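**Student:** Sharing a structure with you now.
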Amino acid sequence: MAKIDRLFQYLVSSGGSDLHLSEGSPPKVRVHGGVSPIPEEPILAGEEFKELLSEICEPAAFAQYLESGDLDFAYEMDEMSRFRCNYMKQQNGLAAVFRLIPTEIASIEDLNLPPVIKEFGHMRSGLVLVTGPTGSGKSTSLAALIDYINTNFNRHIITIEEPIEFVHSSKNSIITQREVPIQTPEFSDGLRACLREDADIVLVGEMRDLETISLALTAAETGLLVFGTLHTNNARKTVDRIIDVFPADQQSQVRTMLAASLRGVVAQLLCKRVDKPGRVAVNEILFATPAVAAIIREGATQKLYDVIIGGKAQGMQFMDDAIFEKLQAGMISPQEAYMKSIEKGRFAPFLPEEDKVLANSGGGAS
């Protein structure tokens, strides 16, 4: 048993999501969104802390981390506990953040995601983007969708991740999971290779540079179903981000490619619950229609709002409507709804009087 395992055991038993270790500070855990120190744990420092981190890491990778200052990998404490590990350096020395990855893959129903999300699993080609800030549950939702496909269809699914988080076993589909940089140097390398690997579906863990985004668009155009993630909060920002990555002289061509290949966007945020401990996902959903394709080609993404509002019958959903639904159900507080919403004015009337003053002065907007 590694020395660090007792800290992981505390994280698991407390129902937390992340363990934070930083030289010069005591260990801390994130539970239901808030961060607090682990009681009676000493401040982390010196060789003892360095040894704590090195014990669960490959020696060559740890040497690389000490030189470069960054490292990502996965660690399995036992059959029930797997962690995504990020090592970094900070002003006081070494530091690390560990995200607990559930070994059981939750279903779309378990996660209370809109059932219409399953429709993306029935598609045969094109680009589907799952977006949201760090820690919003994108990986968990994508794992649920991949598991739905794996259970119900005969496909070859390739995932390219850094690191591999959810481990899938092949059911009706064949699943090939590749980790950056262990099994493939970069996301772009893995994506380029999958065009020669008889894939039906490819999941790109992060579309963070021009080359990866360009290859994802090409793969979607050539007949693959591509799932990718971006750190954007809603459908409009997602489309803008994809196009803005490219140089100005290529953007017109990219708009045409995206208009042809985009199948949909699922944006996700997590809101802190008030009815019980935990957080609840809220989603904006856009399905690509001829109107959406025309809007993308024109570069008039502000019109996507009207398409989403008008597309409720097809399962489309505007983020603020999803937040309002959770507020009306008593699942989240008015303050949480206000902070996570796009149109703040819609939620300001629900705030307590003392918070309305702050909102009106502009202090409450995020």
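**Student:** ³J(HN,Hα) across region 81-98 via Karplus (A = 6.51, B = -1.76, C = 1.60, θ = phi - 60°), whole Hz, x for Gly/Pro?
**Tutor:** My calculation for region 81-98 gives 9, 10, 10, 8, 10, 10, 9, 8, 10, 9, 4, 9, x, 7, 7, 7, 10, 10 Hz in order.
**Student:** What residues qualify as long-range amide H neighbours of Gly126, i.e. H under 5 Å apart, gap of 5 or more or another chain, H built at 1.01 Å from N?
**Tutor:** Gly223, Leu224, Leu225, Val226
**Student:** While we're here: For region 286-350, just the Cα set please: Rg and Dmax, both in angstrom.
**Tutor:** Cα radius of gyration and Dmax of region 286-350 are 13.9, 40 Å respectively.
**Student:** Evaluate Rg over Rh across region 225-283, taking Cα atoms for both radii and Kirkwood's formula for Rh.
**Tutor:** 1.14
**Student:** Considering amide H positions built from the backbone, and no H for Pro or chain starts, which residues 5 or more places from Ala74, or on another chain, come under 5 Å of its amide H?
**Tutor:** Those qualifying (amide H under 5 Å, at least 5 residues apart or on another chain) are Cys85.
**Student:** Work out from phi, with θ = phi - 60° and the Karplus expression 6.51 cos²θ - 1.76 cosθ + 1.60, the ³J(HN,Hα) of each residue of region 284-299, listed in order in whole Hz, and give x for Gly and Pro.
**Tutor:** Couplings: 9, 10, 10, 9, 6, 10, x, 5, 5, 4, 5, 4, 5, 4, 6, x Hz.
**Student:** Moving on. Of all the C-alpha pairs in region 124-202, what % are more than 15 Å from each other?
**Tutor:** The share of Cα pairs beyond 15 Å in region 124-202 comes to 58 percent.
**Student:** Which order do peptides 219-230, 59-70 fall in by mean Cβ count within 10 Å, highest first?
**Tutor:** 219-230, 59-70
**Student:** Let me ask something else. Could you pull the Cα extents of the chain along its three principal axes, largest to smallest, in whole Å?
**Tutor:** Largest first, the chain extends 61, 60, 42 Å along its Cα principal axes.
**Student:** Residue by residue through region 343-354, what is 3J(HN,Hα) from phi via Karplus (6.51 cos²θ - 1.76 cosθ + 1.60, θ = phi - 60°)? Round to whole Hz and write x for glycine and proline.
**Tutor:** Working through the residues one at a time gives 8, 4, x, 5, 9, 4, x, 8, 6, x, 3, 5 Hz.
**Student:** Another question, then. Which order do Thr289, Thr232 take when ranked by solvent-accessible area (1.4 Å probe, heavy atoms of all protein chains), largest first?
**Tutor:** Thr289, Thr232
**Student:** Within region 86-185, which GluC sites (Glu not before Pro) sit in a loop by DSSP and count at most 12 neighbouring Cβ atoms inside 10 Å?
**Tutor:** Glu104, Glu109
**Student:** Another question, then. Round to the nearest 0.05 the FRET efficiency obtained for Ile182 and Asp240 when R0 = 41 Å and r is the Cβ-Cβ distance.
**Tutor:** 0.80
**Student:** Region 93-140: percent of C-alpha pairs farther apart than 11 Å?
**Tutor:** For region 93-140, the fraction of Cα-Cα distances above 11 Å is 79 percent.
**Student:** Here is a follow-up. May I ask you to order 181-193, 341-353 by the average number of other C-beta atoms within 10 Å around their residues, highest value first?
**Tutor:** 181-193, 341-353
**Student:** Residues with amide H under 5 Å of Leu203's amide H, sequence separation 5 or more or different chain, H placed in the peptide plane at 1.01 Å from N; which?
**Tutor:** Ile158, Thr159, Ile160, Phe227
**Student:** What length, rounded to one decimal in nm, is gained on full extension from Lys303 through to Glu197, with 0.36 nm per residue of separation minus their alpha-carbon distance?
**Tutor:** Here the answer is 34.3 nm.
**Student:** Once you have the Cα-Cα distance between Glu119 and Leu210, take 0.36 nm times their residue separation minus that, and quote the gain in nm to one decimal.
**Tutor:** Length gained, Glu119 through Leu210: 30.0 nm.
**Student:** For the pairs Lys3/Lys118; Lys3/Lys326; Lys3/Lys276; Lys89/Lys138; Lys50/Lys272; Lys3/Lys272, flag any whose C-alpha to C-alpha distance is greater than 30 Å.
**Tutor:** Beyond 30 Å: Lys3/Lys118; Lys3/Lys326; Lys3/Lys276; Lys50/Lys272; Lys3/Lys272.
**Student:** Could you put Met80, Met319 in order of accessible surface area, largest first, with the 1.4 Å probe and the full protein assembly present?
**Tutor:** Met80, Met319
The values are calculated or read from the model by the stated rules, or taken from the named source; none is laboratory data. A quick note: this is a predicted structure, and the numbers were derived from the prediction, not measured. Using ideal geometry, Cβ is built from the backbone for each residue, glycine included, and neighbour counts are taken over all protein chains shown. We work out accessible area using only protein heavy atoms, side chains counted, and drop any ligands, DNA or RNA first. Shrake-Rupley method; radii C 1.70, N 1.55, O 1.52, S 1.80 Å.
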